[in-house]
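> Let me begin by handing over the structure; questions about it come next.
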Amino acid sequence: MRLDQMTVALRVRSPWQAMDLGLRMVRANARAIWLPYFLFTGSIFIACNLLAYAINQLWLGWFLMWWLKPVFDRIPLHVLSHVTFGDYPTFRDTLRSPLKWRFGLLASWLTYRRFSFWRSMSMPIDILEGLDPERLALRRSVLIGAVSSQVIGLSFICILFEWVLMISAVVLFYMFVPVEYLSDTFEKFYYNYFNENPPVWADLVFNSLYFLSSSVIGPFFVGAGFATYLNRRTQLEAWDIEIAFKRIASRLKQSGAMALLFAVLLGNAFFANSSQAADAGSDKVETLPSLLGDDYRAEPKAVSDAVKKAYQDKNLSPKENYTVWEPIKKIEPKKKPKNFDIPGLETMFKAMSGMVGFLAEYGLWLLLALLLSWLIWKSTDWMPWLKDQMPAKRELDQVSEKEVLDIDSLPGNISSAVRKLWQQQPRAALALLYRGSVEKLADRLGTPFPPGATEAECIRRSRRLAEPDSEAVFQKVVRAWQAAAYAHRLPDSGEFDILLDEWSMRWEKNP
């Protein structure tokens, strides 16, 4: 393994920092990863959906793409493992990498190990190290054991991001739907995706959204796991230190002449010092008279006096004098007053201070207890007054029996029934007219109203008629019903007769 040619600055990182490094590596090599990735996975996606359509089981389209994810992960792992060591693979080699599997390893990843949450880090160990099965299990436990929780968290985060992308695509579609058509669009969405037999296009749209989201997140998942694998090997095998020593060695090889010269100079200095030390150890300590002989002269007295005078200079031995003022008559400490010498006075002060502290701490509680006691004592005085201030119990109104209008079944002649009902129950007459209008509108449009449709939704649907006169009459009926139902305002008899005549002409006699 050529550690000196690595393009990544290796150092010991935390697991999350290593995953961030993996995401950065994927972004830096996006073109080399996603072009072959989309080409390979796209062809597999088309084949899986054609097969699912042939057997009339379109849900197999996305399920097979999910099951084959370990095969697809081989593409970004191939690119990152080569680029990290300075070897940039070709497009053809990257495209062929998913086919370079050992049969036993591929079978394990597509069967019992398919549900492993450690796939992002286990695959680099299986594919890049090429160990036998017994050593692989031990190797996985060593490398993954310290970061197993972080690797599981990475798997869940990537799954959540895939679903977030799918939901975001659906929400983005609904952003371009006008507000007045939102209810119909949601109704069709619910009908197409949550009934027993959804249409073919609905399943294909779901499969396509899953394919796109998993293709976007998949390389990031592999890159984060691969960087975590590199970080664990750096921690256990000290790759960063080995790389530093190799770089030092390469620099020394380039500057061999300088290193040789440095060694020669260092050797000369060593031999010179050793020879001087040997000479110093062999000879006796010589004095000035022995070295100078007859030329030696003792130091004159004038020179000695000058040296002593120089040492007395303030600059060579500085000294400072400090002056401190002290009072002539020293003040003696005051004695305690004689009052404090009274026996038992100090004990009395301690007791008083304890009592004050007790009142400060529990005084409010004592006041509250006294107030409650006083209220209980005076309860015979204030309880009758409080009862007089409370509102009297309101008696229930007399129950009046009225015939309940059966809204579920409409009469054959709605206008006659409404006119007859107006004489006795005006509000029920407007309710019947409003219900008949809604049923007539649903019949003309050919689509039933969803349960719980509001008046505003009914008005929006009436705009599809392309009949301004009928639409205006329908809106008048809705407004009259809203005024009666929510504001308790009923139209007078003249307004009601005009409205009923217009409605009968536009909605009953002109279906």
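Here, each number is a calculation from the coordinates, and none is a lab measurement. No experiment lies behind these values; they were computed from the predicted model shown. Every residue, glycine as well, gets a Cβ built from its backbone with ideal geometry; the counts of neighbours run over all protein chains shown.
> Ranking request for peptides 17-30, 133-146, 454-467: highest mean number of other beta-carbon atoms within 10 Å first, then the rest in descending order.
17-30, 454-467, 133-146
> Sticking with this structure for a sec: Ranking request for peptides 220-227, 109-116: highest mean number of other beta-carbon atoms within 10 Å first, then the rest in descending order.
Highest mean packing first, the order is 220-227, 109-116.
> What dipole magnitude, in Debye to the nearest 20, does segment 42-159 give about its Cα centre under +1 on Lys/Arg Cβ and -1 on Asp/Glu Cβ?
Here segment 42-159 has a charge dipole of around 140 debye.
> Could you grab the relative contact order for segment 3-237? Cα pairs under 8 Å, six or more apart, rounded to a whole percent.
38 percent
> When only Cα pairs under 8 Å and 6 or more residues apart are kept, what is the percent relative contact order across segment 36-105?
32 percent
> Which value, in debye to the nearest 20, describes the size of the charge dipole of segment 414-508 about its Cα centre when Lys and Arg Cβ atoms bear +1, Asp and Glu Cβ atoms bear -1, and nothing else is charged?
So the magnitude is around 280 debye.
> Classify segment 16-152 as rounded, prolate or oblate, taking a ≥ b ≥ c as the square roots of the eigenvalues of its Cα gyration tensor: rounded when a/c is under 1.5, otherwise prolate if a/b is larger than b/c and oblate if not.
oblate
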